[in-house]
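**Q** I have a structure here, written as C-alpha cells, and I will follow up with some questions on it.
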Amino acid sequence: MTYTQNFLEQISKIKSELEAVDAILIGAGAGLSASAGLTYSGERFFKYFADFHAKYGITDIYLGGFYPYDTLEEYWAWWSRHILYNRYEQPPLVVYENLLSFVKNRNYFVLTTNVDHCFQNAGFDKARLFYTQGDYGLLQCSVACHNKTYDNEDIIRKMVIEQNNMKIPTELIPYCPVCGKPMTTNLRSDDKFVQDNGWAAACKRYEDFISKYGDKRILLLELGVGGNTPAIIKYPFWRITMNNPQAMYVCINNGEAFAPKEIQAQSLCLNGDIGKVLEMMK
C-alpha cells in the first residue's frame, strides 16, 4: 500500500463517519478473512493439503471443495480438514477484533457471505450477524429432506484424527437421521441449501435493521467483497446509498475498491489491505 495524504484523510473521514452515524451496516466478503490470515492458497494450503495436491493437482482450498472425489471416505477426509482449519482452528483474528473495537458500542449489523464463523469467534454479537451462505460448523441432509442443520465439531475432529491415506474410516461417514442419505456441508451451492430456523431468524433481524435505518444516517461498510455474489452485499449497498442522501458507502478492498458514478459523492473507496487500514484507523 502507498500511503498518501489523501489516503490518510480518507481514513480519518471514515473514522469520523463511524462515530457520527445512526447505524453501521457491515458487508463482509472473503477478502476480510484473507486479511485476517485465512488464506486459501500458498503456504497455508500446502501445510494442510499437500497430499491432495500431489494426487489431484488441486491448487487451493476453495477449488478443492468442488473436486468430485471417488468415495465418501475421501470426500470427508478433504472436508474434515477444510472445516477444521477454517472454522475451528483459526489463526489469531486481530483484524476482526480491530473491526469490533470500532462498532461494539454502536448500533451495527453484519451481513456476510463468509462461512468461517470469524465474527462470532472474535466476539461479535450473534444477534447482529446474518451468515447468508451457511456455516462450516453445520451439516445438513444432502437432499434437504428436512429443514434442520446439525453441529459438526465433534465428528469433524474425529474424522481428522482418524483419517489415513486421505480417507476417513467408513463408520464415520455421516448419514441423515431422517432419510438415511449422506449428509453434506451446510453451504449454499445449489437449491438443496437448508435455510433452517436460525437462518430465517437472522434474515428477519437483517430485514428489520434495513427497514429501521435504511433511510436514516447509515454507513454501509463493505469489506473484501468480490464479484462472485454481488447481489447479496454490493448491489444492495449501492442501492441503499443511491436512495438515501444521508447514507455513506465505504468500500475497503485490496484492488477492487470502487463505486458507480451515481453514488461517488457519497462514497469512500480505499484500495488496500483491510487489516492495515483498520490498524491505521486505530
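**Q** Please state which of the following conditions Tyr69 fails to meet, knowing it meets all the rest: (1) farther than 30 Å from Arg217 by Cα; (2) aromatic (Phe, Trp, Tyr); (3) in contact with a strand residue (DSSP E or B) (Cβ under 8 Å, 6 or more places away or on another chain).
**A** Exception for Tyr69: condition (3).
**Q** Right, something else. Kindly establish whether Leu63 is of a type in the set (A, V, I, L, M), outside the structural domain of Trp238 (by TED's automatic domain parsing), assigned to a helix (DSSP H, G or I) and free of Cβ contacts under 8 Å to residues at least 24 places away in the same chain.
**A** In short, yes.
**Q** Give the number of residues within segment 95-119 that are farther than 26 Å from Thr229 by Cα and of a type outside the set (S, T, N, Q).
**A** 3
**Q** If you scan segment 100-135, which residues turn out to be of a type in the set (A, V, I, L, M, F, W, C) and closer than 14 Å to Gly29 by Cβ?
**A** Passing the criteria: Val110, Leu111, Val115, Cys118, Phe119, Phe130.
Per-residue answers, yes or no, for (1) under 26 Å from Arg217 (Cβ atoms); (2) in contact with an Asp or Glu (Cβ under 9 Å, 6 or more places away or on another chain); (3) surrounded by fewer than 19 Cβ atoms within 10 Å (Cβ to Cβ); (4) touching a residue at least 12 places away in the same chain (Cβ under 8 Å):
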site: Trp78; (1), (2), (3), (4): no, no, no, yes
site: Asn86; (1), (2), (3), (4): no, yes, no, yes
site: Ser101; (1), (2), (3), (4): yes, no, yes, yes
site: Gln120; (1), (2), (3), (4): no, no, yes, no
site: Phe124; (1), (2), (3), (4): yes, no, no, yes
site: Ala127; (1), (2), (3), (4): yes, no, yes, yes
site: Gly137; (1), (2), (3), (4): no, yes, no, yes
site: Ser142; (1), (2), (3), (4): no, no, yes, yes
site: Lys148; (1), (2), (3), (4): no, yes, yes, yes
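The values are calculated or read from the model by the stated rules, or taken from the named source; none is laboratory data. Predicted model only: the values in this text are computed from it and were never measured. Please note: Cβ atoms are built from the backbone with ideal geometry, for glycine as well, and neighbour counts cover all protein chains shown.
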